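The values are calculated or read from the model by the stated rules, or taken from the named source; none is laboratory data. Every value quoted in this text rests on a predicted model; they were computed, and no experiment measured them. Cβ: placed from backbone, ideal geometry, glycine included. Neighbour counts: every protein chain shown. To get the accessible areas, we keep the full protein, side chains included, count just its heavy atoms, and leave off ligands, DNA and RNA. Shrake-Rupley method; radii C 1.70, N 1.55, O 1.52, S 1.80 Å.
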Amino acid sequence: MNLSPQAGRARKARTAAALLAALTALTACGAQPAANAGAPASAPASASASASAAGATTSFSEKGVTVTLSVSGWQSSKGTLTAVFAPEEKGFHLYSTDLPTDGIEGVGRPTVLSVTGALKAEGELTAAAEVRSISVPGVGAPVPVYPDGPVTTTLPVRADGIGEATVSIGYASCSERDGCTIPVSDRPVRLHITADGPVFDVRQAARSLDLTSP
């Protein structure tokens, strides 16, 4: 059947309009043009940052306490080292960071977090918990402790160049009903100071599991 010139142009216009509508619908649903279908998806801009963040966290369990270490807010070679001390049994507490090294009359050990090597402390260790005092039979002075349960401590740090660093950790957990666990002192955790920030040695997590396995 022969179409008049006007009818042919009208038919082409309707076809073009239909194709345009279909393309608009595909775009609204998130579809990509066919020319880009085989192109590899680009990695998110935050991929390297996420990988770096994963290396800035580690944990271990020893003598009834799980310790989780992390580095956050890293900028201009400075950041915050955080340690969360979590007793594994209910009713256990940790001692104040201000407790003397040998405790009070031999009772208790301070909660300690310090750094050496290519990582330096930029301030004092602080704890996000209020200190309370308890009386221990046979001890003539009150003993400062934190409330039962986890305690979060923070230490501002800075990098002193690229290299190796060590975090040293100490603590003891006690229960007024069940007694105390064996204190931990100078427990080392290694990390590497890179151009992108601190990265914990992932191998030490495996060593920690071996140490705590029955």
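The stretch 123-162 and the stretch 76-96 have Cα centres lying 9 Å from one another. Here the contact order of the stretch 47-190, divided by its residue count and restricted to Cα pairs under 8 Å and six or more residues apart, works out to 26 percent. For I162 and I134, the FRET efficiency from 1/(1 + (r/R0)^6), where r spans their Cβ atoms and R0 equals 41 Å, is about 0.35. The label-point distance for A141 and K90, in a model that sets each label 7 Å from Cα toward Cβ, rounds to 3.4 nm. D by Stokes-Einstein for the stretch 70-214, Kirkwood Rh over Cα pairs, 10 °C, 1.306 mPa s: 97 µm²/s.
Paramagnetic label reach from R190 (point 7 Å along Cα→Cβ; backbone nitrogen cut-off under 16 Å): within the stretch 161-179, residues 163-169.
Less than 5 angstrom separates the built amide H of F200 from those of A56, T57, H192, all sequence-distant by 5 or more or on a different chain.
Could you work out the local net charge near K63, counting Lys and Arg as +1, Asp and Glu as -1, over the other residues with Cβ closer than 11 Å to its Cβ? Net charge in that neighbourhood comes out at 0.
Take the stretch 103-180 with all the other protein chains still there, run a 1.4 Å probe, and you get 49 Å² of accessible area per residue.
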